[in-house]
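These notes concern the structure reproduced below.
FYI, it's all coordinate maths here, none of it is from the lab. Quick caveat: nothing in here was measured; it's all calculated off a predicted structure. FYI the Cβ positions are ideal-geometry reconstructions off the backbone, even for glycines, and counts take in every protein chain you see.
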Amino acid sequence: MDVEADVIVIGSGPAGLTAALHAHESGARNVLLLEREEELGGILKQCIHNGFGLEQFKKDYTGPEYAERLIEELEKTNVQCFLNTMVVSLSPDRTITAVSPEKGVFHIKSRSVVLAMGCRERPRSSINIPGTRPAGVYTAGVAQRFVNIDGYLPGKEVVILGSGDIGLIMARRLTLEGARVKGVYEIMDYPGGLKRNIVQCLNDFDIPLYLSHTVTEIQGKERVEGVVVSKVDQKMNSISGSEQSIPCDTLLLSVGLIPENELSKEAGVELTPITKGPVTTETMETRVPGIFSCGNVSTVFDLVDYVAETGMIAAGNAARFAAGDWKKGRNPVEIIPGENVRMLFPQRYSFKDDLILFVRSAKPIEKPVNIELSPLGMRLKRLYARPNEMIRFKVSRDKLKAVTGPIEVSITER
Amino acid sequence: MNVEKKHFTCVICPLGCEIDVELQNGKVVSMEGNKCQKGEEFVSQELEEAMRILTTTVSIKGAKWAMLPVRTDKPIPKRLLSKVIEQLATIELHAPVRMYHVIVKGIAGTDANVVATRNMKKVNHPKNAKKDLISRKEG
């Protein structure tokens, strides 16, 4: 073996940075952080807007400030960071094969592993938009990198498909930089992004948002010359006769994110269609012992604060596992989505810790709701439930002691 | 009498109350939809002078990347956003720059400063030498 470690963290975005720091703080002696890019921070570096760390630090940081804060703390520790290091494989016994220009191909054996690879954007091919294949079709995150890091404006007349947060942020960013954003089109009948982004990114700049609309054709030979948008019915089929041509030179796609789990799969980590990430317990341990998972590789979170929180949990437990302080304990029970729950994380409870549960509603309910945990008879009250706002809550270990079978989580109108 | 109706979405908390306001000669005569006092404060601030934090980028030379991220260190009037962007477009910095280094003091006559939001080291071989390439061609 070329290198040995107590805890290895793969990826240095908000989840990985927090995990590496917290593994160190939890007493792990030999912590190694692997990053494929040439600097730490992951996607935070291009997220130059504010709104990061409101809950975690009670500060309104931009992405780069949030990253620098963690990096500066990390620099005070003996955590080793390998940059330009791409992990090419991970085995169930926690052996990593990585490659970097400096070290070539090398192997690392670790007592525990924290997966923090984040997520990737869904591209055009994942939503099958008909039409030609000209230049000028970008995912919102790629456009964000062009503008904020490389200093290129991807186009002048822009249509945005999808109202996810990155799309909304880019609508404002491109407008400020002199492009004309003609509209944001959303196939669902409710917006995908947070309300504050609708207000501050679209309303502030009079950018129209069209719900129940989608792009049904891309036109242009060399470069995008226009798109056709159509209204959709309740089954999300385009309504014929509602087509409208919009001249533009750029189409941005903000149509969802998918956890990046190629390595997890190779290590035999079981994934779930509920999150498209690993099945984990409240300790963030996957179904492969000693492999933990956190942040957007687990499930796509709305807020960086949640990403960091899962990073802390995963790292604390990975450090414990590495130290040999990890008892098998009671058999975990399943946590399953019930009525009106589209997403739920984690999916198992192993009686080791308090349960921090993240739930996403299947549809918008603008009325007071109960979030019910059966058969516990627990009811949590919320003023509303919206699919674009994850619901987070904590259930103490004491309350869960008596559970013997699956826990079902549902959201019902009060 | 000049009667006007306006709609606001409060962004003070995630609840996002939809608030309808009726104005007479610019004065609020009725407000509906806000679930708390903060909504009222939000609306009166928006009516008086909408304030926003601006985050953008400034050109930088001698660094690994072409752009340095910056922000205003406090909210500035919304109506000044594009003016500030135009002013910042004329600036070119040179690496190294430390986070929170003041790039423009009191931007556009406000009491807000534009500050760097990350550290950027000086490198000997900037990867993104786009502007150098262009000027060489022109020369």
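Estimated translational diffusion coefficient (Stokes-Einstein, Kirkwood radius over Cα pairs, 20 °C, 1.002 mPa s) of region A:315-414: 149 µm² per second. For region A:114-228, the alpha carbon convex hull comes to 124 Å³ per residue, rounded to a whole number.
With respect to chain B, whose longest principal axis is taken over its alpha-carbon atoms, helix B:37-49 is tilted by about 60°. Region A:23-41 and region A:216-292 have Cα centres spaced 30 Å apart. Look at the dipole of the protein assembly as shown built from charges on Cβ: of A:166, A:48, A:380, the Cα furthest out on the positive end belongs to A:48. Peptide A:255-263 is shielded by partner chain Cβ atoms: per residue, an average of 0 of them sit within 10 Å of its Cβ. Each principal axis of the Cα cloud of chain A was taken in turn, and the coordinate range along them, longest first, works out to 64, 58, 37 Å.
Summing +1 for each Lys or Arg and -1 for each Asp or Glu, what net charge is found among the other residues whose Cβ lies under 12 Å from the Cβ of residue A:101?
Net charge in that neighbourhood comes out at 0.
Loop-located GluC sites (Glu not before Pro) across region A:39-70 with a Cβ neighbour count of 14 or fewer within 10 Å are A:55, with loop assigned by DSSP.
Computed about the Cα centre, the dipole magnitude for the protein assembly as shown is approximately 480 debye when only Lys and Arg (+1) and Asp and Glu (-1) carry charge, each at its Cβ. From largest to smallest, the equivalent ellipsoid semi-axes obtained for region A:291-373 from the alpha-carbon gyration tensor read 27, 16, 9 Å.
Placing one equal scatterer on every Cα of chain B and applying the Debye formula, the log10 ratio I(q)/I(0) at q = 0.12, 0.20 Å⁻¹ is -0.65, -1.10. Applying both filters, DSSP loop and at most 15 other Cβ atoms within 10 Å, to the trypsin sites (Lys or Arg not before Pro) of region A:39-79 gives A:58, A:59, A:76.
Positive contributions from Lys and Arg (+1) and negative ones from Asp and Glu (-1), summed over other residues with Cβ under 14 Å from the Cβ of residue A:63, come out at +1.
Between the listed residues A:211, A:317, A:400, the Cα displaced farthest toward the positive end of the dipole of chain A, a dipole computed from Cβ unit charges relative to the Cα centre, is found at A:400.
In the neighborhood of residue A:369, defined by Cβ-to-Cβ distances under 9 Å, what is the net charge if each Lys or Arg adds +1 and each Asp or Glu adds -1? Charge balance near residue A:369 sits at +3. Positive-end ranking of B:15, B:56, B:75 along the dipole of chain B, with charges on Cβ about the Cα centre, is headed by B:56.
Could you please state, rounded to a whole Å, how far the C-alpha centre of region B:1-72 is from the C-alpha centre of region A:158-215? Value for the Cα centre distance between the two parts: 17 Å. Ignoring everything except DSSP H segments at least 4 long, calculate the 222 nm mean residue ellipticity for chain A; use -39,500 (n - 2.57) per segment, divide by total residues, nearest 500. It lands at -5000 deg cm²/dmol. Kirkwood-based Rg over Rh for region A:36-182 (C-alpha set), two decimals? Ratio of gyration radius to Kirkwood radius: 1.03.
About the centre of its Cα atoms, chain B shows a dipole size close to 1300 debye [charges on the beta carbon of Lys, Arg (+1) and Asp, Glu (-1) only; nearest 20 debye].
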